[in-house]
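The values are calculated or read from the model by the stated rules, or taken from the named source; none is laboratory data. Every value quoted in this text rests on a predicted model; they were computed, and no experiment measured them. So basically every Cβ, Gly included, is an ideal-geometry build from the backbone, and we count neighbours across all protein chains shown.
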Amino acid sequence: MCGKQINKSQKQLVEYYDLLADDYNSRWVNFVDNQYKVIKPFAEKVHSNFGTGARIADLGCGVGLNSFILTEHFKYDFNVSCVDVSKEMIKHAQQNSPKAKFYNNCFLEWEPEEKFHGLVAGSFLNQFDSSMAPYVVEKMSDILEKGGYGLVYSSNTADYDDDKKIKQKKDQTKPYVQMIDRLNMTNLLSQFFKVEEYYKGYGKRGWTITIVRKE
């Protein structure tokens, strides 16, 4: 789905988020407090079960919001590896979260050297066509150690502000994004994980937030 096999939708996705990178970078700090609340239950589970220095993957890391919180707001010395298809997002993330490692790759082609004790997939699964989502979740399971945790969340409301900003920069159609409600998220994740916890997000938009564990 990426690299030589990259399809039109994924090409649009890369271009779309390259164009949004500067805007995201100008306001990511506004979301730190709310995002810390989202990440905290997951971070505590990972630390409780795997200890200081646990390895965490940040999938679709954007400008580095989650990696910043994981490396700077917890005294757990997490080793965070981040992957994103957007070069422009990665450039900002490297500046915002210098303690993390970054990879400009398609997740489905990414081959990390070690498995992880935890992963964060924020606003990530919804970027894939529904027919591809099970393969993405299977890959998420593959990169986790047994007993590892995943924090998976997706907006269940559209972000029309992003669409407006893109139209101001370039006449481009937004790539495929699916809205994933609680039932569909649970059904998708339970194919490869035990769903341990579900909770609502913080802020104006609606979120489907789930903590899962690989058995």
Does Ser130 satisfy being at pLDDT below 95 and on the phi > 0 side of the Ramachandran plot? no
If you scan segment 40-64, which residues turn out to be buried (at least 23 other Cβ atoms within 10 Å of the Cβ) and not small (Gly, Ala, Ser)? Phe42, Val46, Ile56, Asp58, Leu59, Cys61, Val63
Among the residues of segment 113-149, count how many are closer than 20 Å to Asn49 by Cβ, out of contact with any Ser or Thr (no Cβ under 8 Å at 6 or more places or on another chain) and buried (at least 16 other Cβ atoms within 10 Å of the Cβ). 12
Residues of segment 44-89 that turn out to be within 22 Å of Glu145 (Cβ to Cβ) and of a type in the set (Asp, Glu), as a count: 3
Could you list, in sequence order, the residues of segment 48-106 that are touching a strand residue (DSSP E or B) at 6+ places or on another chain (Cβ under 8 Å), of a type in the set (Phe, Trp, Tyr) and within 19 Å of Tyr36 (Cβ to Cβ)? Phe78
Of residues in segment 44-72 being part of a helix (DSSP H, G or I) and among the charged types (D, E, K, R), the one farthest from Gln95 (Cα to Cα): Lys45
Test: residue in segment 199-211 that is in contact with a Leu (Cβ under 7 Å, 6 or more places away or on another chain) and modelled with pLDDT of 95 or more: yes
Answer yes or no as to whether Phe74 is farther than 23 Å from Trp110 by Cα, among the aromatic types (Phe, Trp, Tyr) and modelled with pLDDT of 95 or more. yes
Tally the residues that are crowded, with 22+ Cβ neighbours inside 10 Å and either of a type in the set (Ser, Thr, Tyr) or more than 18 Å from Gln12 (Cα to Cα) (or both), restricting the search to segment 84-112. 4
Could you please let me know if Phe74 is surrounded by fewer than 24 Cβ atoms within 10 Å (Cβ to Cβ) and closer than 25 Å to Asp142 by Cβ? no
Say whether the condition of being farther than 15 Å from His117 by Cα and part of a loop (DSSP other than H, G, I, E, B) is met by at least one residue in segment 85-95. yes
Across segment 39-91, the tally of residues that are charged (D, E, K, R) and within 19 Å of Ile211 (Cα to Cα) stands at 5
Considering only segment 44-64, state which residues are under 15 Å from the mean Cα position of the chain (by Cα) and free of Cβ contacts under 8 Å to residues at least 40 places away in the same chain. Gly64
